[in-house]
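Engineer: Pasting a structure below so you can have a look.
Each reported figure results from applying straightforward, stated rules to the coordinates on display, with no laboratory input. Keep in mind that what you see is a predicted model, and the values were worked out from it rather than measured. Note that each Cβ is placed from the backbone with ideal geometry, even for glycine, and that neighbours are counted across all protein chains shown.
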Amino acid sequence: QVQLVESGGGLVQPGGSLRLSCAVSGRSITLIGFMAWHRQAPGKQRELVATITSEGVTNYIDSVKGRFTISGDTAFNIVYLQMNNLKTEDTAVYYCHSSLAGVWGQGTQVTVAS
């Protein structure tokens, strides 16, 4: 059974950085297929932010391109989301998701405020 546990959220000033981690258990990330980070801001629908395939191919929504980087560490079975130059509009709960396993993590809060 695949389980996802996010960590790394917090409060950061605009322009700052955070690295989110998604610890994957139950299956190697090299075999889990497509992994993604989503986010949900207060009063808004959940949106897809970034994806990575088991071959390491990445994709991003336009609003985070050049600022966010998704990556996978096969040794520790973790998927990361490095977030740089954060903006107030990045404030949201961030979720890790495996579509193949049909599993979501519990989410981690990211707040960008001065």
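Engineer: Counting Lys +1, Arg +1, Asp -1, Glu -1, what net charge surrounds Ala113 among other residues with beta carbon under 15 Å of its beta carbon? Walk me through the numbers before you get to the answer.
Structural biologist: Values: positive: Lys87; negative: Glu89, Asp90.
My count for the surroundings of Ala113 gives -1.
Engineer: Follow-up question, since we're still on this one. If the label point is 7 Å along Cα→Cβ of Ala75, which residues in region 10-33 have backbone nitrogen under 18 Å from it?
Structural biologist: What the label zone holds, given the 18 Å backbone N cut-off, is 21-24, 28-30.
Engineer: Separate question: For the chain, what relative contact order do you get, as a whole percent, if you take Cα pairs closer than 8 Å and at least 6 residues apart? Please report the intermediate quantities before stating the final value.
Structural biologist: Numbers: 283 pairs, mean separation 42.5, N = 114.
Taking the mean separation of contacting Cα pairs over the length of the chain, I get 37 percent.
Engineer: Right, something else. Per-residue HN-Hα couplings for region 51-59, Karplus 6.51 cos²θ - 1.76 cosθ + 1.60 at θ = phi - 60°, whole Hz, x for Gly and Pro?
Structural biologist: These are the phi-based 3J(HN,Hα) values: 9, 9, 8, 5, 8, x, 7, 10, 8 Hz.
Engineer: Here is a follow-up. Can you list the HN-Hα couplings for region 29-41, worked out from phi with the Karplus curve (6.51, -1.76, 1.60; θ = phi - 60°), rounded to whole Hz and with x for Gly and Pro?
Structural biologist: Couplings: 5, 6, 10, 8, x, 8, 10, 8, 10, 10, 8, 9, 8 Hz.
Engineer: Give, in whole angstrom and from largest to smallest, the semi-axes √(5λ) of the equivalent ellipsoid of region 16-114, with λ running over the eigenvalues of the Cα gyration tensor. Walk me through the numbers before you get to the answer.
Structural biologist: Values: eigenvalues 99, 39, 29 Å².
The three semi-axes for region 16-114 are 22, 14, 12 Å.
Engineer: While we're here: Please tell me the relative contact order of region 72-114 in percent, rounded to the nearest whole number, where contacts are Cα pairs under 8 Å and at least six residues apart.
Structural biologist: Working: 41 pairs, mean separation 14.8, N = 43.
Dividing the mean separation by the residue count of region 72-114 yields 34 percent.
Engineer: What does the charge count near Thr74 come to, summing +1 for each Lys or Arg and -1 for each Asp or Glu among other residues with Cβ under 14 Å from its Cβ?
Structural biologist: Working: positive: Arg27; negative: Glu55, Asp73.
Counting the neighbours of Thr74, the net charge comes to -1.
Engineer: Select from Gly43, Gly72, Gly102 the residue whose mean-square fluctuation is largest in a Gaussian network model of the chain (Cα-Cα springs shorter than 10 Å).
Structural biologist: Highest fluctuation of the listed residues: Gly43.
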